[in-house]
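Please treat every number below as a calculation from the coordinates, not as lab data. Because the structure is predicted, anything quoted here is derived from the model rather than measured. Note that each Cβ is placed from the backbone with ideal geometry, even for glycine, and that neighbours are counted across all protein chains shown.
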Amino acid sequence: MKQYMLSIYQPDEPAPPPEFLEPIMRDVNAVNQEMREAGVWVFAAGLHPPSTATVLRAKDDDVLVTDGPYVEGKECVGGFNIIQAPDLDAALEWGRKLARAITLPIEVRPLQDG
């Protein structure tokens, strides 16, 4: 089976208050559990804010180190799921379930064969 990354795009701003976020996270955890039970779940992770990023860029014979995100934007990748699915249509269906649960945009992208 192919592997796919389901990227979660979120606003680059502070997290919503707990009373708003808790029901969403309950729904996301339910989708993650459904993925595990279906045997498609490989792993998932949330990310710290873009301000915690360190960017490494090769330049001549050196590597420059810069604090902060590679690009500034209104949205950032806040987390991701790696799943295995027989085809893109199946991966998109899992992406739909995750988008409904988290109420944020989800990008579904196949991983290259290693």
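Side notes on the structure shown:
- When we screen L98, L104, L92 for residues that are within 23 Å of Y4 (Cα to Cα), outside any loop (DSSP other than H, G, I, E, B) and touching a residue at least 60 places away in the same chain (Cβ under 8 Å), the only hit is L98.
- Any chance Y9 is touching a Lys or Arg at 6+ places or on another chain (Cβ under 7 Å), closer than 15 Å to L98 by Cα, in contact (Cβ under 8 Å) with a residue 40 or more places away in the chain and not in a helix (DSSP H, G or I): no
- R100 being of a type in the set (K, R) and over 20 Å from Q10 (Cβ atoms): no
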